[in-house]
Amino acid sequence: MSTTAPTEPAAGAPVPVLEGGAGGRAHRFWSVRRVPAALLALLVLGAAGLLLYDVAAVEAGRPGMRWRRVLADDLATRPLDDVAVLAGAAGALVLGLWLLVLACTPGLRAVLPMRRGDGPLRAGLRRDAVEAVLRERATAVAGVQSVRVRARRRKALVRAVSHFRELDDVRTDLDTALRAAVEELGLARPPDVSVHVRKPARKG
């Protein structure tokens, strides 16, 4: 079980992410999810404060808030198959499912876990770091004019433009170089490399 959460590096700084933990299988890193937690806390705090104020006002002999009386009367007389009731129930269901998904899934999809060693630390690479490494290796292949890399958890999509050499030869060299680069990264689940090579677009 990990003891610390990975910190988010600054934008444009593709650096490894480290996290303390015992040895074992490499799992995805868990996101702190500060924004959803803060929004939910503020929503609950505001609703609870408003209801407590209204209850205290009623106990003090003052009339309750008009909106609460109107809402209570409306809900008491509105049928269950009404469109507004169904829409509110659907909205509450979607919100609840969203919160359950956030609670049960790791998050931090931009961080790819690396293979575990004997030490107590876990390591992960951001996707932009993986893309930078693959892009550098691809541009070193003879015949590659430009390249675009999109790294995902299970697949790395590479689109290259070759201005000389046969496309099949460039594709073979790219596939070999990129597969070797992926293995050298030490990822727990190395993504499959998909290589697409084309000639430059003709002008005019």
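Numbers at a glance
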quantity: Single residue of segment 39-85 satisfying the filter (surrounded by fewer than 10 Cβ atoms within 10 Å (Cβ to Cβ) and among the β-branched types (Val, Ile, Thr)) that is modelled with the lowest pLDDT; calculated: THR77
quantity: Hits in segment 152-167 - residues which are at pLDDT 90 or above and either under 23 Å from the mean Cα position of the chain (by Cα) or farther than 15 Å from ALA138 by Cα (or both); calculated: LYS155, ALA156, LEU157, VAL158, GLU166
quantity: Tally of residues being closer than 21 Å to ARG28 by Cβ and of a type in the set (Lys, Arg) across segment 121-146; calculated: 3
quantity: Selection count, segment 140-180, where residues are closer than 28 Å to LEU112 by Cβ, among the charged types (D, E, K, R) and in contact (Cβ under 8 Å) with a residue 24 or more places away in the chain; calculated: 7
quantity: Pairs where the first residue, in segment 50-75, is in a helix (DSSP H, G or I) and the second is among the β-branched types (Val, Ile, Thr), C-beta under 9 Å, 6+ apart; calculated: LEU75/VAL85
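Each row is one residue, and each column tells you yes or no for (1) acidic (Asp, Glu); (2) assigned to a helix (DSSP H, G or I); (3) at pLDDT below 85; (4) exposed (fewer than 13 other Cβ atoms within 10 Å of the Cβ).
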site: PRO36; (1), (2), (3), (4): no, yes, yes, no
site: ALA87; (1), (2), (3), (4): no, yes, no, yes
site: LEU108; (1), (2), (3), (4): no, no, yes, no
site: ALA123; (1), (2), (3), (4): no, no, yes, no
site: VAL130; (1), (2), (3), (4): no, yes, no, no
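The values are calculated or read from the model by the stated rules, or taken from the named source; none is laboratory data. Computed from a predicted model, the values in this text were never measured in an experiment. We place every Cβ from the backbone using ideal geometry, glycine too, and count neighbours over all the protein chains shown.
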